[in-house]
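The values are calculated or read from the model by the stated rules, or taken from the named source; none is laboratory data. Keep in mind that this is a model prediction, so the values were computed, not measured. When we count neighbours, we look across all protein chains shown, and the Cβ atoms used for this are built from the backbone with ideal geometry, even at glycine.
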Ligand SMILES: Nc1ncnc2c1ncn2[C@@H]1O[C@H](COP(=O)(O)OP(=O)(O)O)[C@@H](O)[C@H]1O
Ligand SMILES: [Mg+2]
């Protein structure tokens, strides 16, 4: 059963009078429980694609279906529900709230998800424990290492039990060893919890090793899976 399907998806940016085609005619289908990597050079449209799948941005043309439902037909409240409960996002720069502790960052996401106040601290603890962060509950982002910040961001992305985790170069700011740990964590979430993962990465070798499928983007288009040129 497919969880995400895009048909002929296109997105242009307008810079002054110049049109920049960030995505052109993207057709992808992602099955429930898949771990898919998206690779491509900087500027190839990877973030644009992920943001559209995450409901943060809209295509100019084409459609995106979640569990068979067209996102274009979602009411504002349905789109907000989709962004909060169906997808979780993580980024290269973690995007944590600096003045909040690890527990505070997770609790805030739980607030958006509508979890009653009395359950938020315990749920935050359990989420942080599940990513190996139970020893840093009251640390603020600046008191954490890069890998630890990304673990907190992953816990936050999982707060409202999303079915899909969208990861935009999640190891882009991490050293090799820490990158491997974060990739292993994502892999275990996929295998053990069945979370569908769509991960953007520069690292073709890792992508080929860990994911079910690698989608290659070049100049806003998918290039043949058999063609290794990037
Ligand atoms: N807000 C924007 N305004 C104008 N051009 C943009 C904007 N965001 C991205 N682009 C351009 O669209 C293309 C795709 O960008 P992006 O999706 O961020 O690529 P990637 O994530 O693969 O590096 C690039 O050429 C980029 O310069
Ligand atoms: Mg990008």
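Rundown of residues vs (1) within 16 Å of ligand 1 (Cβ to nearest atom); (2) at pLDDT below 95; (3) closer than 22 Å to residue 186 by Cβ; (4) surrounded by fewer than 14 Cβ atoms within 10 Å (Cβ to Cβ), yes/no style:
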| site | (1), (2), (3), (4) |
| --- | --- |
| 17 | yes, yes, no, yes |
| 35 | no, no, yes, no |
| 53 | yes, no, yes, no |
| 74 | no, no, no, no |
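Among the residues of region 93-117, write down those that are assigned to a loop (DSSP other than H, G, I, E, B) and crowded, with 18+ Cβ neighbours inside 10 Å.
94, 96, 101
So for region 36-54 (the condition being within 16 Å of ligand 2 (Cβ to nearest atom), touching a helix residue (DSSP H, G or I) at 6+ places or on another chain (Cβ under 8 Å) and part of a loop (DSSP other than H, G, I, E, B)), does at least one residue qualify?
yes
Which numbered condition in (1) over 14 Å from the mean Cα position of the chain (by Cα); (2) part of a strand (DSSP E or B); (3) crowded, with 20+ Cβ neighbours inside 10 Å is the only one that residue 59 fails?
Result: residue 59 passes all but (2).
Would you be able to tell me the number of residues in region 129-145 that are closer than 17 Å to residue 184 by Cβ and surrounded by 16 or more Cβ atoms within 10 Å (Cβ to Cβ)?
Selection size over region 129-145: 3.
Can you name the number of the only condition in (1) within 26 Å of residue 85 (Cβ to Cβ); (2) over 13 Å from the mean Cα position of the chain (by Cα); (3) within 16 Å of ligand 1 (Cβ to nearest atom) that residue 152 fails?
Failing condition for residue 152: (3).
Which of the numbered conditions does residue 13 fail, given that it passes all the others? Conditions: (1) within 8 Å of ligand 1 (Cβ to nearest atom); (2) surrounded by 15 or more Cβ atoms within 10 Å (Cβ to Cβ); (3) outside any helix (DSSP H, G or I).
If we test residue 13 against (1) within 8 Å of ligand 1 (Cβ to nearest atom); (2) surrounded by 15 or more Cβ atoms within 10 Å (Cβ to Cβ); (3) outside any helix (DSSP H, G or I), just (2) comes out false.
Restricting attention to region 155-170, which residues are outside any loop (DSSP other than H, G, I, E, B) and more than 16 Å from ligand 1 (Cβ to nearest atom)?
155, 156, 157, 164, 165
Could you tell me which numbered condition residue 89 fails, if it satisfies all but one of (1) within 13 Å of ligand 2 (Cβ to nearest atom); (2) more than 30 Å from residue 144 (Cα to Cα); (3) in a strand (DSSP E or B)?
Of everything listed in (1) within 13 Å of ligand 2 (Cβ to nearest atom); (2) more than 30 Å from residue 144 (Cα to Cα); (3) in a strand (DSSP E or B), residue 89 misses just condition (2).
Which count do you get for residues in region 171-216 that are in contact with a helix residue (DSSP H, G or I) (Cβ under 6 Å, 6 or more places away or on another chain) and either assigned to a loop (DSSP other than H, G, I, E, B) or within 16 Å of ligand 1 (Cβ to nearest atom) (or both)?
7
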